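Bear in mind these aren't lab numbers, they're just calculated from the coordinates by the rules spelled out. Since we're looking at a predicted model, the values are computed, not measured. Glycine gets a Cβ as well: all are built from the backbone with ideal geometry, and neighbour counts include every protein chain shown.
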Amino acid sequence: MMGDIVYFDTTIVYILLYHESTRNFQTYNVLHQIFINKQIGTQHMKAVLEQTRKYVRGKFEGEGSGHDWWHIQRVVNLALVLAEKEHADQYIVELAALLHDIADYKFHGGDTEIGPKTARAWLESLSVQAPIVDHVCDIVAHVSYKGAGVPTPMKTVEGMVVQDADRLDAMGAIGIGRTFAYGGSKGTVMHNPDVAPQLHSTADAYLNKGNSSVINHFHEKLLLLKDRMNTETAKKMAEERHQFMEQYLEQFHHEWKGLR
Ligand code: NI
């Protein structure tokens, strides 16, 4: 992708020089304007990403429930790796990954509108073009997990990539750490063998599940994520993270019973 841009720039500079040397100023002026617009566009995209990074970092720094700035940073990095392999638009993916948890419905009384609304206000304040704003906000609106039986389909490859990255970060060693951190922040018990896990068929039921246990959360969400990946690249990565969680739970239950 970067190679394409460099190639495009070099070619257009040569064409500009040619038309300048032949004094074909009409063509020169038209091409020159295209070149300038493209340069301004690239600069604007860079500035939007940089300001969004600062804005999100400011909002999330010091968050202790497993949804901190470093979660956002990991999702951005992972999403960009997936975007490259899945040929998704890097700009849309990075913006959506940065903004995906900007106002999570779980922390706003189940209001699913607040995330996309906050993202829209922010992007419009930076004069991002309307189709990009719509695309990013649509991803932000549909990215979250809402229960075992609640489908959360993504319309575009960019959305699929961001959702996969967010879900991969809930799996494996990082996922285990985040789940316990989140449980701690909510005062949820680590494990209670008397309470069985539940598979929630509606978003409301999932949201209002109350204090189950951290271990139950593995069965209600984390162990189900492997089969809900959108892209082939993420499916492969999910396998390894899934196996690690299975291993962890096996050890946990053995220790619980005093068998290991
Ligand atoms: Ni997230």
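A few remarks follow.
- Using the Cβ-Cβ distance between ARG23 and GLN43 with R0 set to 45 Å, the FRET efficiency works out to roughly 0.90.
- For LYS59, the lysines whose Cα falls under 18 Å of its own Cα, not counting residues fewer than eight places away in the same chain, are LYS106, LYS117.
- Residues in the range 14-31 carry Karplus couplings, in order, of 4, 4, 4, 4, 4, 5, 5, 5, 8, 6, 8, 6, 5, 4, 4, 5, 4, 5 Hz; the curve used is 6.51 cos²θ - 1.76 cosθ + 1.60 with θ = phi - 60°, and Gly or Pro positions show x.
- Rounded, prolate or oblate (a/c below 1.5 giving rounded, otherwise prolate when a/b exceeds b/c) for the range 178-260 by Cα gyration tensor: oblate
- Computed from backbone phi with θ = phi - 60° and the Karplus coefficients 6.51, -1.76 and 1.60, the 3J(HN,Hα) list for the range 35-50 is 4, 4, 4, 5, 4, 4, x, 5, 4, 5, 4, 4, 5, 4, 4, 5 Hz; x is used for glycine and proline.
- Within the range 69-93, backbone nitrogen closer than 17 Å to the virtual label 7 Å beyond the Cα of GLN51 toward Cβ: 92
- For the range 168-178, Karplus couplings with θ = phi - 60° (6.51, -1.76, 1.60), whole Hz, Gly/Pro x: 4, 6, 9, 10, x, 4, 5, x, 4, x, 5
- Charging the Cβ of each Asp and Glu at -1 and of each Lys and Arg at +1, and nothing else, the dipole of the range 63-256 about its Cα centre rounds to 240 debye.
- Site pair LEU249 and ASN77 shows an inter-label distance of 2.7 nm when each label is modelled 7 Å from Cα along Cα→Cβ.
- Under-5 Å amide H pairs with MET171, H placed in peptide plane, nonlocal only: none
- Residue with peak Gaussian network fluctuation, the chain [Cα springs, cutoff 10 Å], from THR52, THR42, THR152: THR42
- Separation of alpha-carbon centers, the range 61-100 and the range 136-173, rounded to whole Å: 11 Å
- FRET efficiency estimate (nearest 0.05) - Cβ-Cβ, THR10 to HIS191, R0 41 angstrom: 0.10
- Distance in nm between pseudo-label sites at GLU232 and ILE36 (7 Å out along the Cβ direction from Cα): 4.5 nm
- The Cα-based radius of gyration and maximum Cα-Cα distance (Dmax) for the range 1-60 are 16.6, 56 Å.
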